[in-house]
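Shown next, in C-alpha cells, is the structure this report addresses.
The values are calculated or read from the model by the stated rules, or taken from the named source; none is laboratory data. Predicted, not measured: the structure shown is a model, and the values here were computed from it. A quick note on method: Cβ atoms are made from the backbone with ideal geometry, for glycine too, and the neighbour counts reach across all protein chains shown. What goes into the accessible areas is simple: the full protein's heavy atoms, side chains included, and nothing from ligands, DNA or RNA. Shrake-Rupley method; radii C 1.70, N 1.55, O 1.52, S 1.80 Å.
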Amino acid sequence: VFSLLGWRIKFDANGHDVRLSSMYAPRNKHGLTLKFSSQGGHFGTMQMLGGMAKGLGDVRTYWVEQRQSIPGFLAQVTLEMFEKTTFGRAAGYVPVDELEDE
C-alpha cells in the first residue's frame, strides 16, 4: 500500500483504530497522521495530528463532511503534501516566495 498509494497503514491492537501516515509528510510532530476510530459499522471519527494538519480544515470539510468521501480526502491531501515536499519543489509546484516564508 505504501509503495502504490503513498500511505503507511497501522492497525492498533484494539481492532478499532487505524493510523495513516503519508510518505510525503515528515515522521515527527511537523508531519501528518490520520487516526480513524470506529466501534463498528461504517461510521466513526477521524483525527488529524501533526503540524501539516493545520492547513487541511477546509479540505476535511469539503471531502469528509460535505461529500462523505475519505478516498477523495486522501487523494487531495496526497497532492497537497507532494507539492510541499522536495519532490514538488524540484518539479516547480511551490513558488519561490512560499519557500522563503518557511
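Structural remarks
- Within the range 44-63, the set of residues being more than 21 Å from Lys10 (Cα to Cα) and over 12 Å from the mean Cα position of the chain (by Cα) comprises Asp58, Thr61, Tyr62, Trp63.
- When residues of the range 34-43 are limited to those that are more than 11 Å from the chain's Cα centre (by Cα) and touching a residue at least 12 places away in the same chain (Cβ under 8 Å), the one nearest to Ser21 (Cα to Cα): Phe36
- Neighbours by Cβ (under 6 Å, 6+ apart or cross-chain): first from the range 50-79, in contact (Cβ under 8 Å) with a residue 12 or more places away in the chain; second open to solvent by 90 Å² or more (accessible area, probe 1.4 Å) and of a type outside the set (Lys, Arg): Gly51/His30
- The single condition from (1) part of a loop (DSSP other than H, G, I, E, B); (2) basic (Lys, Arg); (3) under 12 Å from the mean Cα position of the chain (by Cα) that Lys29 fails is (3).
- Test result for Ala25, modelled with pLDDT under 90 and among the hydrophobic types (A, V, I, L, M, F, W, C): yes
Quick grid of which residues meet (1) open to solvent by less than 60 Å² (accessible area, probe 1.4 Å); (2) assigned to a strand (DSSP E or B):
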{"residue": "Arg19", "(1), (2)": "no, yes"}
{"residue": "Gln39", "(1), (2)": "no, no"}
{"residue": "Met48", "(1), (2)": "yes, yes"}
{"residue": "Gly57", "(1), (2)": "yes, no"}
{"residue": "Val64", "(1), (2)": "yes, no"}
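- Conditions (1) part of a strand (DSSP E or B); (2) hydrophobic (A, V, I, L, M, F, W, C); (3) open to solvent by less than 50 Å² (accessible area, probe 1.4 Å); number of the one not met by Val77: (1)
- Every residue from the range 80-102 that is hydrophobic (A, V, I, L, M, F, W, C) and either surrounded by 12 or more Cβ atoms within 10 Å (Cβ to Cβ) or at pLDDT below 65 (or both): Met81, Phe82, Phe87, Val94, Val96, Leu99
- Subset of the range 1-17 (residues that are within 15 Å of Leu74 (Cα to Cα) and part of a strand (DSSP E or B)): Trp7, Arg8, Ile9
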